[in-house]
Amino acid sequence: MREIQFTCPAPQNSQDRILLAHGGGGKLTQQLIDRIFLPAFANAALEARHDGAVVEAAGARLAMTTDSYVVQPLFFPGGDIGELAVYGTVNDLAMCGARPLYLTIAFILEEGLPVETLRRVAASAAGAAQSAEVTLVAGDTKVVDKGKGDGLFITTAGVGLVESPGAVGPASVQPGDAVLVSGDLGAHGVAILSVREGLEFDSPILSDAAPLWAPVRALLDAGIEVHCLRDLTRGGLASALNEIAGSRQVAIRIVESSIPVSEPVRGACEILGLDPLYVANEGRFAAFIPAAQADRALHILRTIPVSAGAARIGEVAEAPAGIVTLRSRIGGSRVVDMLSGEQLPRIC
Amino acid sequence: MCLAVPGKIVSIHEDDPPEIRRAKADFGGIQREVCLAYTPEARLGDYILVHVGFALSVVDEAEAQRIFDTIREMDEMAQAGEDESP
Amino acid sequence: MKYLDEYREQGAAARLASEIRRRVTRPWTLMEVCGGQTHTIVKSGLLDLLPPEITLVHGPGCPVCVTPLELIDAAAAIASRPEVIFCSFGDMLRVPGSSQSLFDIKAAGGDVRIVYSPLDALKLARNNPERQVVFFAVGFETTAPANAMAVWQAAREGIQNFSILVAHVLVPPAIEAILGSPNCRVQAFLAAGHVCTVMGFHEYEPIAGKYRVPIVVAGFEPLDLLDAIRMAVVQLEEGRAEVENQYSRAVRRQGNVTARQRMSEVFEVSERAWRGIGDIPRSGLRLRPEFRAFDALDRFPCALGRVRESAECIAGLVLQGLNKPFECPAFAVRCTPETPLGAPMVSSEGACAAYYLYGRRS
């Protein structure tokens, strides 16, 4: 009988260069933060590892945040980079329980970019600022050589006034809290992917990009005790929940059949072999609310258009600490881990 | 490589030569072009299994039902067993 | 979604699971061959529904995991050429070669593109006549008809700037290699349902007879796998060793004749090395001489060296179902999806990555 060799060549993984996966919002991004940025910039605000920072100045609690937008394509079904740049920063502030007030916006433009493109993007950003009720108060523009800028990059920074009485962040999460999401998942990521990779669908799926202060304000106005909010951007619901579970060292248990996903997004994910849990959103957030207030919170969220599809998807427990688990449709259970990089379409 | 997804044929390019035979299939509200070259028997309204843009098989509705008939039979036998027990 | 949702229903799953529990009287070891099936099992937590007597081992049905290292290196080398647009299914992008993956090549500026279908790559070739478009033709028999069609169309249209890097593998020789191995523990197989939509299942009948193992052609949804396990267990308990078709809504015994015709026009059976297992005779496909002009290895000659072995990685044992991933001392310690020591940790279908992502409890 012919003997088979049971050996495997060892692939080497060189990580002395930045990979695209480092920007994916998953494990490699976390590694960059852990190994490069935190050691360089160590301070209490950063250690909180929330999207925005809450700081005190002149007796007021302010929230500050910054974000960069490098999305390709610049224009996609349901939005463009201008809107994303405004909503993304507005939402990071809202996730701190802060009313977004003022944004700055900086453009890096590639030589050769059509001026009409810039005009469209600027108009979108202005429109988004208006609908989010924020003012763009300062900006900057730089131009780089052709071939270096991918067209157009935007960085925004924002400041807001914290309106929640308590600290809104992972540190406030308690075992027993209910986990809510503000609506159906995956639309933005599928909209981008479908255009970018030429995986076109005939009835385009629209990005869900939207400002999120209105539902947060509604919760705060109603006196709901909001423990934590997290907008679900790159890396999807799975990454956000893992970050919170890891940061607060709690367990998060979610139920697959409760997680809202629209039919077309489901269909697209089935075809491309994507898991909606990991697909990016730009107008959705997760909320951690004391269980006793969850029903009321859901009711309130559902009265606001952007969170009309809100659902309760799970709960926080003590153990196993740092782990997110999912009960599947058929009643089995699995760990929902963080991805190491971007989720890719698969055929296998 | 194994990811094949069921979709419903909603239109067929009748002018295409049979070796190419393109069609549109609907996957839960999402439509995509598929190639029916390997399922010459497929007709409008049929469900097909699509892998990397090619229909590999027409779904047999009667066979699709079989597993649920099996489960129902198991339930009935279990019920009969319970009825007979003292 | 029709023909999907109803196969994920909890009540039916519970019913099938309790039937398996009712029929089983002693331990049995089953192997599911296809990576897509492993994916479903782990993603749906299907093991939680099975009685402890049933052990499922995961077979080498992940083309990502078994594509020879030399071909990954060749892909990286070809993709680095400035005139080339290198197209691949997403699955292959993260697999490291001896020093780089296609993702690394993309980061360094190579034109590497994910495509959903080989016809997308062909379209790129038509639209970019001044570039060379190369498609990474990986996969089992399921994907070969599509890849054959792309080459066939290219030949018909006289497209000069399209070629494919062939890395196809065939399932039945792999099953025989596993069964023929001295330490084989597998007592029944769940065959790869979508491969069988193309190939049918008559090839398995002599194998079932020779080795006395039940082989059940299985689908990919949770109910399909539970039903197939039930059928296999019934055979094992009754001492039978036959080929049965659980996935009858999609698979016929004769398979897809039209697809196989096109496949055999364009491809012929060849030798193939399986990463982690070694050479399995007549287990691959290559282009026939009349289509050899579309072979990327001929068009872009690369020196394909043999690569050195790792002492620690037990991928071969895992791929053959002789060990579970967590039995490897490096698992989740030195070998993780970010720092893989072997191929089954790279793809989410690979047994090691599947266990790591879905099964690990801290």
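Bear in mind that the values in this text are calculations on the coordinates, not laboratory data. Values in this document were obtained by computation on a predicted structure and should not be read as measured data. When we count neighbours, we look across all protein chains shown, and the Cβ atoms used for this are built from the backbone with ideal geometry, even at glycine.
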_Rounded to whole Å, give me the distance from the Cα center of the stretch C:104-138 to that of the stretch C:274-289._
24 Å
*C-alpha long axis of helix B:61-84 to longest principal axis of chain B, angle in °*: 10 degrees
*Entries of A:Lys142/C:Lys106; C:Lys2/C:Lys324; A:Lys146/C:Lys123; A:Lys27/C:Lys43; B:Lys8/C:Lys43 with Cα pairs more than 30 Å apart*: C:Lys2/C:Lys324
*Let me have the relative contact order for chain C, percent, based on Cα pairs under 8 Å that are six or more residues apart.*
21 percent
*Taking amide H positions as placed 1.01 Å from N in the peptide plane, with prolines and chain starts having none, which residues 5 or more places from C:Asn245, or on another chain, fall under 5 Å of its amide H?*
C:Val217
*Can you give me the Cα centroid spacing of the stretch A:242-286 and the stretch C:150-200 in angstrom?*
33 Å
*Would you please state the base-10 log of I(q)/I(0) at q = 0.07 1/Å for chain C, with intensities from the Debye formula using one equal scatterer on every alpha carbon?*
-0.30
_Can you compute the modelled spin-label distance between B:Asp83 and A:Arg296, with each label point 7 Å from Cα toward Cβ, in nm?_
5.3 nm
*At each listed q (0.14, 0.18, 0.32, 0.33 Å⁻¹), what is the log10 of I(q)/I(0) that the Debye formula gives for the stretch C:315-359 modelled as equal alpha-carbon point scatterers?*
-0.23, -0.39, -1.31, -1.38
_Gap separating the Cα centres of the stretch C:221-258 and the stretch A:213-237, nearest whole Å_ = 48 Å
*Give the relative contact order (percent, whole number) for chain B; include only Cα pairs under 8 Å separated by 6+ residues.*
24 percent
*asked:* In Å and on Cα atoms, what radius of gyration and Dmax does the protein assembly as shown show?
replied: 26.7, 88
_Share antiparallel - DSSP beta bridges, the stretch A:57-147, percent rounded to 5_ = 25 percent
*If one takes the longest principal axis of the Cα atoms in chain C, at what angle in degrees, from 0 to 90 and to the nearest 10, does the Cα axis of helix C:118-127 lie?*
10 degrees
*Sort the stretch C:151-241 into rounded, prolate or oblate with this rule: let a ≥ b ≥ c be the square roots of the eigenvalues of the Cα gyration tensor; rounded if a/c is under 1.5, and if a/c is not under 1.5, prolate when a/b is larger than b/c, oblate otherwise.*
prolate
*Rg to Rh, two decimals, where the stretch A:52-162 supplies the alpha carbon set and Rh follows Kirkwood*: 1.01
*Net charge near A:Ala291, counting Lys/Arg +1 and Asp/Glu -1 over other residues with Cβ under 10 Å of its Cβ?*
-2
*Can you quote the Å³ per residue value for the convex hull of the Cα atoms in the stretch B:5-84, rounded to an integer?*
97 Å³
*Where the only charges are on Cβ atoms (+1 Lys, Arg; -1 Asp, Glu), what is the dipole of the stretch A:45-174 about its Cα centre, to the nearest 20 debye?*
80 debye
*Residue with peak Gaussian network fluctuation, chain A [Cα springs, cutoff 10 Å], from A:Ala287, A:Ala308, A:Ala297*: A:Ala308
*Using the Cα centre as the reference, give the magnitude of the dipole from point charges on the C-beta atoms of chain A (Lys, Arg: +1; Asp, Glu: -1; all else neutral), rounded to the nearest 20 debye.*
440 debye
*Do the sum for chain A: with -39,500 (n - 2.57) for every DSSP H run of n ≥ 4, divided by all residues, what is the mean residue ellipticity at 222 nm, to the nearest 500 deg cm²/dmol?*
-8500 deg cm²/dmol
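Taking the stretch A:146-274, how much of its Cα-Cα pair set, in percent, is spaced more than 19 angstrom apart?
62 percent
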*Got a sec to turn the phi values of the stretch C:275-290 into Karplus ³J(HN,Hα) couplings, 6.51 cos²θ - 1.76 cosθ + 1.60 with θ = phi - 60°, whole Hz, x for Gly and Pro?*
4, x, 10, x, 6, 10, x, 6, 10, x, 10, 9, 5, 5, x, 5
*asked:* Need the full-extension length gain, C:Glu83 to C:Glu130, defined as separation in residues times 0.36 nm minus the C-alpha distance. One decimal, nm.
replied: 16.1 nm
*Give me the orientation-averaged projected area of the Cα convex hull of the stretch C:204-260, in nm², one decimal.*
4.3 nm²
